[in-house]
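Okay, so here's the structure we're looking at.
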Ligand SMILES: Nc1ncnc2c1ncn2[C@@H]1O[C@H](COP(=O)(O)OP(=O)(O)OP(=O)(O)O)[C@@H](O)[C@H]1O
């Protein structure tokens, strides 16, 4: 009994759970960090003299982690040496990752490789020179490192010294890569790290350059101010000389009289110097209005990477400059004041414009990628023509996820960014949502089946001329159901596409990798062609037929390879099945106008094309299928196919119907050679007659020197046209005097040989009654029937090996299987599974010539239609039955047929006669007769010996057995 489980509220809400989980991970992280630090500490403070597993000493423990630390450190050092540091680094790194919730999800997969990284570190350490205080017998990589390195050195074909250098390089490289992986770095993080390192280096270099530049400019300005001071002093001196000639000869600068004067002089001098400096700068620098290079250039994005980095470093450099103390600062302030006075009106304009012109990093980034439409109204064809699919999405993700712009990404002028990324974003490529007009659905061309000349003629009204004679006429097509009334079902492309996708998913669920490349809807089933991924075995998919049917909620699914193609066909039944009618087949050009001798309208292929087979080529047909699968209907359609195409002169039929119901309706049609045979014993007789007929035909053909029935009939036709007769030489007796045989030549009117088709509706019944004889007949017919125009159509509802024996299978290369109950039956008939997946009601697999298997939907013909046709045919007179077919041939010819078939059941052969004679001789000589005695003497089986004894009794050689089973020998002693 089903019961319901009640959904319980969780103990904690999801946010609380998440918070708890986070804290837990942080705790784990902290624990790992602590362990890492502990390992680091115990390694750092490791002393070989400490008591451990390898040394017993009373000395105090020096390891920071005490006795335990010493006990762990000693073996660790011994095994991997400094490789143990790797363990500490691992703990620390993963501890930090857990604490900061960064990449902790990568731990498990990557830690598997941790021992290899530690081992590599040990090997690398062993390649290094140990320090002077290293007291161990092993190197820095421990015993493991030394051993591995020595093994590696034996492999490397160079000297030890070079080998160590080479190996240490290679191992270092491998270690870096593996280390990064084991420590949980992703490729993106590594790239970021490398970029950061590169950036820092470049920044440091740029700062250094700047500082050097600043130093140089400070020195230059110092020198300039000194020069100015000296000039000023010279001027002052000259002025003073002019005012006070006493001092003329005095070259030295007079000392200022008072402190106030001294300060005033200094200020004067500095102002003069500043003015001169400013004037010099004004001359050196071009005017801002003329070419405002300098100011906008500071704000404008530099083109080169170095330039940009310098620009970024500027604020810091400016701060640094602010910190410079002393005279420089004072001088700077003074010069700034002067500058602001001189340049205020000039700088206003460029300063205002600068922010407008400057394309900042921030607003450049999102614009092109997400919001800003493509600037060019018409996208450049080159951009669309050569988009870089993988770059686009990555780029978008990158840009969206990053806070800081990456130098590489913003490199180049802004318009460049609206190249492929823009255009693609503008018109996002639609996801390959299957469209209604999907190319893989291949609707069959609903072309109407080409009508045959006869069908066209029949459809036109014809004048009726009473020709008087009752010449045979094949039945009119109008007796059959008109296909115009048949409901056709059209499957929409959308539905088929949907099914194809569903099927792909189902296959994927079962691990079948592949793609449905085309969908071919037909009247009854739709075939989905699966292009399997390389290496996929077709048998695997075929074995999944039942599961596919179940998963697709279909009645059945047939999976098979498609001959001549690499695809696997998966056939699923349509929701609504379309009826195939016989008239459509018989009216088709393939049937009506084709030159097949014995055409059989088998039905429609899964694509809806008529399939017309030629019985003359088969040359025999075996039909199997479970009860109710449509065998009888198919046999009816085959018979009607022959009746619609061939006159009784061209084709005669022998019908064997042990079920008594199916074929009896045909009784009395002119094509029959005998009444419908319903008795299985008579069926054997009919088959034997057929064999005799075949032998007879062979004789006729060999006399005529033709190879087959067509050749023979051709000759007959010629002879009849010319009014010639055939002569036949027969032996009429022996000459009384000479004893020579006497021959007479007999004139016979040439007669065309009709094709003979033997139809057996249930061969299982015949096999029960006379399996051996049937097999013998079939074997003989199969060997020679094709040339003589005799063909068999045999059906059975028991496709087991006792009915379809090896002999029968070997002689029926053309087989049709309707629905069967299991795979084994399918294999018995066709040699492969698939027939168990058929839908019944005329759905069949047609195996032509022992190899190619085609699925065919058989046409339907009702009993009423058959009756009407039979009635039509009966009007042309009663059939010309051959007497021997059912009554059997006379004794002579029967024994000769049996001899041909190897069925000598009656009468003794020469060998048996000889055996009997020997037995009589033994009995007469030894005067005793018993079955066991004969058995022993002649070394024969019991049955044979008993038969011989009975024969002797019959012939009066011995008496009947008395009450104790003894027989008296009645013949005299030889
Ligand atoms: N081609 C067909 N199209 C539609 N229905 C069909 C077709 N063939 C057979 N059927 C249906 O299947 C039923 C059974 O067919 P049929 O009698 O031929 O089976 P069977 O294999 O001969 O069975 P049994 O061995 O018991 O005689 C028919 O009554 C008919 O309704």
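The values are calculated or read from the model by the stated rules, or taken from the named source; none is laboratory data. Treat the numbers as computed from the prediction; the structure is a model and nothing was measured. Note that we place each Cβ from the backbone using ideal geometry, even for glycine, and neighbour counts take in every protein chain shown.
Brief remarks follow.
- Check on residue 561, surrounded by 15 or more Cβ atoms within 10 Å (Cβ to Cβ) and without any contact (Cβ under 8 Å) to a residue 24 or more places away in the chain: yes
- Qualifying position, being surrounded by 10 or more Cβ atoms within 10 Å (Cβ to Cβ) and within 29 Å of residue 686 (Cα to Cα), among 752, 719: 752
- The set of residues in segment 576-598 that are out of contact with any strand residue (DSSP E or B) (no Cβ under 9 Å at 6 or more places or on another chain) and touching a residue at least 40 places away in the same chain (Cβ under 8 Å) comprises 576, 583, 593.
- If you go through segment 522-579 and keep only what is closer than 22 Å to residue 846 by Cβ, in contact with a helix residue (DSSP H, G or I) (Cβ under 6 Å, 6 or more places away or on another chain) and in a helix (DSSP H, G or I), you end up with just 545.
- For residue 833: the one exception among (1) in contact with a helix residue (DSSP H, G or I) (Cβ under 6 Å, 6 or more places away or on another chain); (2) free of Cβ contacts under 8 Å to residues at least 40 places away in the same chain; (3) more than 19 Å from residue 610 (Cα to Cα): (2)
- Test: residue in segment 35-45 that is touching a residue at least 60 places away in the same chain (Cβ under 8 Å), part of a helix (DSSP H, G or I) and either in contact with a strand residue (DSSP E or B) (Cβ under 8 Å, 6 or more places away or on another chain) or assigned by the TED database to the domain that holds residue 140 (or both): yes
- Lone unmet requirement of (1) in contact (Cβ under 8 Å) with a residue 60 or more places away in the chain; (2) more than 16 Å from the ligand (Cβ to nearest atom) for residue 725: (1)
- Flag for residue 737 being away from the ligand (no atom under 16 Å from the Cβ), on the phi < 0 side of the Ramachandran plot, without any contact (Cβ under 8 Å) to a residue 60 or more places away in the chain and not in a helix (DSSP H, G or I): yes
- Residue within segment 171-188 that is assigned to a loop (DSSP other than H, G, I, E, B) and exposed (fewer than 13 other Cβ atoms within 10 Å of the Cβ) present: yes
- Residues being part of a loop (DSSP other than H, G, I, E, B) and modelled with pLDDT of 70 or more - total across segment 891-930: 4
- Filter result for residue 190 (out of contact with any helix residue (DSSP H, G or I) (no Cβ under 8 Å at 6 or more places or on another chain) and within 30 Å of residue 156 (Cβ to Cβ)): no
- A search for C-beta distances below 8 Å between a residue of segment 794-811 that is in contact (Cβ under 8 Å) with a residue 60 or more places away in the chain and any residue that is away from the ligand (no atom under 16 Å from the Cβ) and part of a loop (DSSP other than H, G, I, E, B), counting only pairs 6+ apart in sequence or on different chains, returns 794/620; 794/812; 811/620.
- The residue of segment 624-647 that is surrounded by the most Cβ atoms within 10 Å (Cβ to Cβ), among those that are more than 8 Å from the ligand (Cβ to nearest atom) and in a loop (DSSP other than H, G, I, E, B), is 646.
- Residue in segment 119-140 that is surrounded by 15 or more Cβ atoms within 10 Å (Cβ to Cβ), farther than 26 Å from residue 92 by Cα and in the same structural domain as residue 74 (by the TED database) present: yes
- Residues of segment 614-623 satisfying the condition of being within 16 Å of the ligand (Cβ to nearest atom) and farther than 21 Å from residue 820 by Cα: none
- Among residues of segment 121-168, those that are closer than 21 Å to residue 74 by Cβ and assigned to a helix (DSSP H, G or I), counted: 12
- Of the listed requirements (1) away from the ligand (no atom under 16 Å from the Cβ); (2) touching a strand residue (DSSP E or B) at 6+ places or on another chain (Cβ under 9 Å), residue 603 misses just one: (1).
- In segment 648-701, residue surrounded by the most Cβ atoms within 10 Å (Cβ to Cβ) [restricted to those that are within 16 Å of the ligand (Cβ to nearest atom) and closer than 27 Å to residue 471 by Cβ]: 655
- Scanning segment 813-830 for residues that are without any contact (Cβ under 8 Å) to a residue 24 or more places away in the chain and either assigned by the TED database to the domain that holds residue 545 or surrounded by fewer than 20 Cβ atoms within 10 Å (Cβ to Cβ) (or both) yields 822, 823, 824, 827.
- Residue match in segment 580-599 (condition: away from the ligand (no atom under 16 Å from the Cβ) and modelled with pLDDT of 90 or more): yes
- Among (1) outside any helix (DSSP H, G or I); (2) touching a strand residue (DSSP E or B) at 6+ places or on another chain (Cβ under 6 Å) - the single one residue 686 does not satisfy: (1)
- Residue that is modelled with pLDDT under 80 and either more than 55 Å from the chain's Cα centre (by Cα) or more than 20 Å from residue 598 (Cα to Cα) (or both), where the choices are 718, 744, 762, 775: 744
- Within segment 411-521, helices (runs of 4 or more DSSP H) holding 1 or more residues that are at pLDDT 50 or above and surrounded by 16 or more Cβ atoms within 10 Å (Cβ to Cβ): 453-459, 493-509
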